[in-house]
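To start, the structure under review is shown below, and the notes come after it.
The values are calculated or read from the model by the stated rules, or taken from the named source; none is laboratory data. Every value quoted in this text rests on a predicted model; they were computed, and no experiment measured them. Reconstructed Cβ throughout: ideal geometry from the backbone, glycine too, with neighbour counts over all protein chains shown.
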Amino acid sequence: RRAGEGRLAEIFGKQLIGQDALLKTIGFKNAAAKTLESLPKETRAALDAYCNGVNAFIASHAGHYPFEFDALGYVPEPWTPQHTVIVTKLLAWELNTSFWTDMVFADIRDRVDSARFSEILPWYPSDAPTIIPRRTKARAVAGTVSPSPSPPTLPAAIPPNSATPPSRASRTPPQFPIC
């Protein structure tokens, strides 16, 4: 929550003022407030109940908080529904940054031969275990069942020392296993 509110420097020191300024500029706190205004009553009630539980823990463990609070020398503030929405927005932001990582990997692939690229970023074998089976039966909805899509195919290897690597448009970005 402190990251999303742009309040890390309060705990970690002035070296994080720039990070706080960036996070305040992005506006997670304001976006969370707007989201809260539009939530259905049932969702808001669930958030309130969650916050009541977190706050009950904070109140009942005064002086006996988890190690990180003692190590950082602060007492947790009451938790609000806005904090929960801020955290979910931060998670979404972090998941979104993988797009930029894929762009960087594509640029690296354009600059090195396939052997070097495999050293930098080895491919996950297509026959290795995954958390989702290749064919997953979907639940029947209104009497219909849709099979899961086939897994993505990996791009063809670039021949070593190739003068003209394939264009970005003709390649699939790297596919990473979920661990």
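When G63 is tested against (1) farther than 18 Å from R7 by Cβ; (2) part of a helix (DSSP H, G or I), only condition (2) is not met.
Only one of the listed residues (L72, L22, L8) is without any contact (Cβ under 8 Å) to a residue 60 or more places away in the chain and touching a helix residue (DSSP H, G or I) at 6+ places or on another chain (Cβ under 8 Å). That residue is L8. When G27, G18, G13 are checked against the criterion of being at pLDDT below 95, surrounded by 14 or more Cβ atoms within 10 Å (Cβ to Cβ) and farther than 14 Å from H83 by Cβ, G27 stands alone in meeting it.
Scoring A33 on the criteria (1) in a loop (DSSP other than H, G, I, E, B); (2) touching a residue at least 40 places away in the same chain (Cβ under 8 Å); (3) not aromatic (F, W, Y) leaves a single failure, condition (1). In segment 122-139, the residues that are under 30 Å from V112 (Cα atoms) form Cβ pairs under 7 Å with partners that are modelled with pLDDT under 60 and part of a loop (DSSP other than H, G, I, E, B), at six or more places apart or across chains, as follows: W123/L154; Y124/Q175; Y124/F176; Y124/P177; S126/L154; T130/P177.
The rows are residues; the columns are (1) loosely packed, with under 10 Cβ neighbours inside 10 Å; (2) aromatic (F, W, Y); (3) part of a loop (DSSP other than H, G, I, E, B).
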{"site": "A71", "(1), (2), (3)": "yes, no, no"}
{"site": "K89", "(1), (2), (3)": "no, no, no"}
{"site": "W93", "(1), (2), (3)": "no, yes, no"}
{"site": "T101", "(1), (2), (3)": "no, no, no"}
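With respect to the conditions (1) under 27 Å from F12 (Cβ atoms); (2) part of a loop (DSSP other than H, G, I, E, B), D127 falls short on a single one, namely (1).
Scanning segment 1-33 for residues that are farther than 15 Å from E94 by Cβ and among the aromatic types (F, W, Y) gives a single hit, F12.
Residues that are over 24 Å from the mean Cα position of the chain (by Cα) and among the small types (G, A, S) within segment 91-121 comprise S114, A115, S118, listed in sequence order.
Could you tell me whether segment 136-149 includes any residue that is modelled with pLDDT under 80 and of a type in the set (D, E, K, R)? Yes, some residue in segment 136-149 is modelled with pLDDT under 80 and of a type in the set (D, E, K, R). Between D107, D113, the distinction of being of a type in the set (D, E, K, R) and touching a residue at least 40 places away in the same chain (Cβ under 8 Å) belongs to D113 only. Is it true that W79 is in a helix (DSSP H, G or I) and either closer than 30 Å to K34 by Cβ or touching a Phe, Trp or Tyr at 6+ places or on another chain (Cβ under 6 Å) (or both)? No. The set of residues in segment 37-55 being part of a helix (DSSP H, G or I) and without any contact (Cβ under 8 Å) to a residue 12 or more places away in the chain consists of E37, S38, K41, E42, T43, A45, A46, A49, N52, G53.
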